[in-house]
Amino acid sequence: MKINITFKNIPSSESLKLHIQDKFDRFDKMLDYPAETNIVLAEEKLRSLAEVHLNCDKLRIHAKGEAEEKNMYSAIDSVSE
């Protein structure tokens with residue numbers, strides 16, 4: 001699975017990238033075709049936002065996750081659920 005990550009209003013972080021890779025590796029095992037995933041991580045005021053666009057052959061998934069108090073890991077967990 002090819003994962004593209006965009007950081008908005010937050011610095012790029014290797015630990016966030018590894019957390020995303022860990023969460024989305026399980027999707028790769030379930031898919032029959034190669035997938036491309038675009039993930040946007042952003043912080044707005046007092047909340048963290050994670051938005052995912054997954055494209056695989058005819059499958060298209062769009063999901064948004066959000067967490068309060070600038071906890072990006074919780075936003076990533078909620079969008080991967």
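The values are calculated or read from the model by the stated rules, or taken from the named source; none is laboratory data. Owing to the predicted nature of the structure, the values given are computational and were not obtained by experimental measurement. Cβ coordinates were reconstructed from backbone atoms using ideal geometry, including for glycine residues, and neighbour counts include every protein chain displayed. We work out accessible area using only protein heavy atoms, side chains counted, and drop any ligands, DNA or RNA first. Shrake-Rupley method; radii C 1.70, N 1.55, O 1.52, S 1.80 Å.
Read phi for every residue in segment 54-67 and hand back ³J(HN,Hα) as whole Hz from Karplus 6.51 cos²θ - 1.76 cosθ + 1.60, θ = phi - 60°, with x for Gly and Pro.
10, 10, 8, 6, 9, 8, 10, 10, 10, 9, 10, x, 8, 9
To the nearest 10 degrees, how steeply does helix 14-30 sit against the main Cα axis of the chain, on a 0 to 90 scale?
It works out to around 30 degrees.
Indicate, rounded to the nearest 5 percent, the antiparallel portion of the DSSP beta bridges found entirely in the chain.
Rounded to the nearest five, the antiparallel share is 75 percent.
Name the residue from H62, S48, F27 whose Cα lies farthest towards the positive end of the charge dipole of the chain, charges +1 on Cβ of Lys and Arg and -1 on Cβ of Asp and Glu.
Highest projection toward the positive end goes to H62.
Hey, can you find the accessible area per residue of the chain for me, probe 1.4 Å, expressed in square angstrom?
Per-residue accessible area for the chain comes out at 67 Å².
On a 1.4 Å probe surface of the protein chains, which of Y73, Y33 comes out largest in accessible area, and what is the full order?
From most exposed to least exposed: Y33, Y73.
Rg and Dmax in Å for the chain, alpha carbons only: what are they?
12.4, 39
How many percent of the accessible area of the chain is carbon or sulfur, using a 1.4 Å probe?
The value for the chain is 48 percent carbon and sulfur by accessible area.
Can you give me the long-range amide H partners of I5? Hydrogens built in the peptide plane at 1.01 Å from N, cutoff under 5 Å, separation of 5 or more residues or another chain.
I39
Treating the beta-carbon of each Lys and Arg as +1 and of each Asp and Glu as -1, no other charges, what is the dipole magnitude of the chain about its Cα centre, to the nearest 20 debye?
160 debye
Rank these by accessible area, largest first, 1.4 Å probe: H19, H62, H53.
H62, H53, H19
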